[in-house]
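Chemist: Pasting in a structure now, in structure tokens, and then I'll have a few things to ask.
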Amino acid sequence: LVADDFPQSAEILARLLRQDGNDVQVAQDGIEAVESAAQFRPDVAVLDLAMPKLNGYDVARMIREQPWGKHVLLIALSGWGHQLDRQRTKEAGFDAHLTKPAKYETLMELLDHLPDEAQTATDRSQEL
């Protein structure tokens, strides 16, 4: 799942992920992201933090509250990259925090090291 309120950013990332063989859904606000995640049940969600209707922090919390959301790899991809922002993403349940503009290779490194489903989100928590 790729959620970003800037359509071009979301579509570019989704296109790159699809070219690498991934099945990708795109959401353009926080409510749509939660609804898409509930239906799509992604292995990975890349979420912008500053989305309308519901911010990325709240989206992450809502996903984590679901039984199927416990093992979703949550990646914040945002222009917000200060230490406080990173602390807030960790508290919301994100596994990683990438600051825009992030290199696609950095995202691919995270995806290449997807943990076994048996591991919990806290076991795989990392901050970039």
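The values are calculated or read from the model by the stated rules, or taken from the named source; none is laboratory data. Small disclaimer: the values here were computed from a predicted structure and weren't measured. Cβ sites come from the backbone with ideal geometry, for glycine too, and all protein chains shown count toward neighbours. Surface accessibility is based on the protein's heavy atoms, side chains included, excluding ligands, DNA and RNA. Shrake-Rupley method; radii C 1.70, N 1.55, O 1.52, S 1.80 Å.
Chemist: Can you report the number of residues in segment 30-57 which are under 24 Å from G81 (Cα atoms) and of a type in the set (S, T, N, Q)?
Modeler: The qualifying residues number 1.
Chemist: Also: Please state which of the following conditions R15 fails to meet, knowing it meets all the rest: (1) in contact with a helix residue (DSSP H, G or I) (Cβ under 9 Å, 6 or more places away or on another chain); (2) surrounded by fewer than 16 Cβ atoms within 10 Å (Cβ to Cβ); (3) not aromatic (F, W, Y).
Modeler: (1)
Chemist: Can you tell me how many residues in segment 58-73 are surrounded by fewer than 21 Cβ atoms within 10 Å (Cβ to Cβ) and in contact (Cβ under 8 Å) with a residue 24 or more places away in the chain? Reasoning before the result, please.
Modeler: Filtering segment 58-73 down to residues surrounded by fewer than 21 Cβ atoms within 10 Å (Cβ to Cβ) leaves 58, 61-62, 64-68, 70-71, 73.
In the following step, the residues that additionally are in contact (Cβ under 8 Å) with a residue 24 or more places away in the chain were identified as 58, 61-62, 64, 66, 68, 70-71, 73.
Number of matching residues: 9.
Chemist: Something else now. Of (1) open to solvent by less than 80 Å² (accessible area, probe 1.4 Å); (2) assigned to a helix (DSSP H, G or I); (3) closer than 23 Å to M108 by Cβ; (4) not charged (D, E, K, R), A76 satisfies all except one. Which?
Modeler: For A76, the failing item is (2).
Chemist: Find the residue count for segment 94-106, including only residues that are in a loop (DSSP other than H, G, I, E, B) and within 11 Å of L49 (Cβ to Cβ). Please lay out each step first, then the result.
Modeler: Here is the first cut: in segment 94-106, the residues in a loop (DSSP other than H, G, I, E, B) are 94-95, 100-103.
From the residues that got through so far, the ones that are within 11 Å of L49 (Cβ to Cβ) too are 94, 100.
So the answer is 2.
Chemist: Within the set of pairs 6 or more residues apart or between chains, which connect a residue that is farther than 17 Å from A102 by Cα inside segment 1-24 to a residue that is open to solvent by 70 Å² or more (accessible area, probe 1.4 Å) and part of a helix (DSSP H, G or I) with Cβ atoms less than 8 Å apart?
Modeler: From segment 1-24, the pairs are V24/R18.
Chemist: Going through segment 16-72 one residue at a time, which ones are assigned to a strand (DSSP E or B) and among the small types (G, A, S)?
Modeler: As a first pass, look at segment 16-72 and keep what is assigned to a strand (DSSP E or B): 26-27, 44-47.
If the condition is that a residue be assigned to a strand (DSSP E or B) and among the small types (G, A, S), then A27, A45 are the ones that fit.
Chemist: Also, quick follow-up: Going through E109, E91 one at a time, which residue ends up being assigned to a helix (DSSP H, G or I), at pLDDT below 95 and either open to solvent by 70 Å² or more (accessible area, probe 1.4 Å) or among the aromatic types (F, W, Y) (or both)?
Modeler: Answer to the check: E109.
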